[in-house]
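> Could you have a look at this structure, given as structure tokens, before my questions?
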Amino acid sequence: MAAATAATAATGTGTATHRLLRPANNSTPLKAPTFFHLSSSKKRSFSISCTTLSAPPAAPSVATQDRVFNFAAGPATLPESVILKAQADLFNYQGCGMSVMEMSHRGKEFDFIIKKAESDLRALLSIPSDYAVVFLQGGATTQFAALPLNLCSPEDSADYVVTGSWSDKAFKEAQKYCKAKTIWSGKPEKYTKIPAFDALEQNPDARYLHICGNETIHGVEFKDYPTPLNKDSILVADMSSHFCSKPVDVSKFGVIYAGAQKNVGPSGVTILIVRKDLMGNAQPITPVMLDFKTQAEAASLYNTPPCFALYICGLVFEDLLQQGGLVEVEKKNAKKAGILYDAIDGSDGFYVCPVEKSVRSLMNVPFTLQRSDLEKKFIEEAALEKMVQLKGHRSVGGVRASIYNAMPLAGVEKLVAFMKDFQARHP
Ligand SMILES: Cc1ncc(COP(=O)(O)O)c(C=O)c1O
């Protein structure tokens, strides 16, 4: 099969079920290209003009042991295999004689990259065909405005469930473009809860019900999703910080949006998944870059996209599929979060996580030390042990360990061992 596919690639045509793939460990120069087989149900035509099949120059050796465990909330840690693959392709992508950063976004090579990224994302989330997938710029923050501009007239109402700082920001931005209303706020309880859905006082006229699936700063995560009261209304979710961390039934949502820089890539890419019938009614003042229909019809190429960041997202999607998809990914995430929360809860109050147990995030684990005077020391000593970016968000303080998909189990185990040791040294 590999030989046959090599011949196909060399002649410049084929199907997108195969691509050249270099091994993650690039210390050994390749003698011949290897191929990655995609789901046969995802076949589509493509052509690619890179015909060089000789070995690429060996990438500089990477001292993996020099890398830290990065617990940052985003931009966040990426899979090492993805970074190494990107490094191997950086100078001369697949024999094209240039890097992805230098190629035209309308050329065949990039066309392949963006189409494969979309197709892999669709496979990962089983995105139904009546949903468009669009890669945008401007971060999730730009979508805070784009949502009401696309989904409402200025007189329409929209309901917001405010479970933390990010949903509050989304609500405040939406107020500029429609009659947005906070129908529930967790602020009085310091954003440690998700409301019971039957307690939500939804407006029967609301065009949409907005939630933030995972509050990155406060560490609360929806484990299930509310249904809009009005059957013509839709559920809209900011999934920035738990996107692709577990399977999601996309058909329950009208719109899902997410910044890539936590779970699926570098900053610069925002992913929008939108039911197709919801597009085409944008307010006249909507900037063209924020118009869902324009962007979807242009297949994310209305203007120059963030090509390199998108290429990395594509590598991450490929990696998640190779891990067995999101069911497997969720199992790993649950295991990591489980051992961290167990360490906190089993510390006799030395460490405290304020979030209600049933809605604790698998991605962002905030905690405080009973002796707050020790927090700075904890963070500094952890950094000396190569566990970095553990400081809580400036608005809440404390410690926060973000343990996204790409955080290895070994990183969480090392953190837990350090926590126990730190506690023992501070009786
Ligand atoms: C849940 C959530 N929503 C929105 C944002 C804003 O994203 P961006 O910086 O991409 O605009 C963030 C950023 O951390 C976030 O965590």
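> Excluding Leu390 itself, calculate the net charge of residues whose Cβ lies under 14 Å from the Cβ of Leu390, where each Lys or Arg counts +1 and each Asp or Glu counts -1. List each step's numbers first, then the result.
On the way: positive: Lys376, Lys377, Lys386, Lys391, Arg394, Arg400, Lys414; negative: Glu375, Glu380, Glu381, Glu385.
For residues surrounding Leu390, the net value is +3.
> Using the structure shown, select from Lys231/Lys332; Lys357/Lys386; Lys252/Lys414; Lys172/Lys246 the pairs with a Cα to Cα distance greater than 32 angstrom.
Lys231/Lys332; Lys252/Lys414
> Next question, about the same structure. Pop the C-beta distance of Asp198 and Lys335 into the FRET formula with R0 = 41 Å and round what comes out to the nearest 0.05.
0.80
> Return P(r) of the stretch 121-190 (all Cα-Cα pairs; 10 Å bins starting at 0; whole %; ordered from short to long distances).
Per 10 Å bin, starting at 0, the Cα pair percentages come out as 19, 38, 33, 10, 0.
> A further question follows. In whole Hz, what ³J(HN,Hα) sequence does the stretch 362-370 give by Karplus (6.51, -1.76, 1.60; θ = phi - 60°), x for Gly and Pro?
Taking θ as phi minus 60°, the curve returns 7, 9, 10, 10, x, 8, 10, 9, 3 Hz for the stretch 362-370.
> Kirkwood Rh, Cα Rg: Rg to Rh for the stretch 320-427?
0.97
> Another question, if that's okay. So how far apart, in nm, are the two label points at Lys176 and Gln370 if each is 7 Å from Cα heading toward Cβ?
Taking the simple label geometry, Lys176 and Gln370 are separated by 4.7 nm.
> Can you give the Rg to Rh ratio of the stretch 80-168, both from alpha-carbon atoms, with Rh computed by the Kirkwood formula?
Values: Rg = 18.5 Å, Rh = 16.8 Å.
Taking Rh as the inverse mean 1/r over Cα pairs, Rg/Rh reads 1.10.
> What list of whole percents do you get for P(r) of the stretch 114-320, with Cα-Cα distances grouped in 10 Å bins up to the one holding the largest distance?
Per 10 Å bin, starting at 0, the Cα pair percentages come out as 9, 38, 38, 15, 1.
> Let me ask something else about it. Suppose R0 equals 45 Å; then what is the FRET efficiency for Lys108 and Glu413 from their Cβ-Cβ distance, rounded to the nearest 0.05?
0.50
> With a point put 7 Å past each Cα toward its Cβ, work out how far His426 is from Ala298 in nm, to one decimal.
Reported label-point gap for His426 and Ala298 is 5.1 nm.
> Oh, and also: Could you give the size of the charge dipole of the stretch 114-320 about its Cα centre, using +1 on the Cβ of each K and R and -1 on the Cβ of each D and E, expressed in debye and rounded to the nearest 20? Present the calculation step by step, with values, prior to reporting the outcome.
On the way: 20 positive and 23 negative charges, 51 e Å.
I would put it at about 240 debye.
> Report, in whole Å, the centroid distance computed from the Cα atoms of the stretch 314-330 and the stretch 366-387.
The stretch 314-330 and the stretch 366-387 have Cα centres separated by 32 Å.
> Give the separation of the Cα centroids, the stretch 76-103 to the stretch 256-307, in Å.
Centre-to-centre (Cα) distance: 24 Å.
None of the figures in this text is laboratory data; all of them are computed from the coordinates on show. Since the model is a prediction, treat every value here as computed from it, not as a measurement. Here the Cβ is made from the backbone with ideal geometry for all residues, glycine too, and neighbour counts use every protein chain on show.
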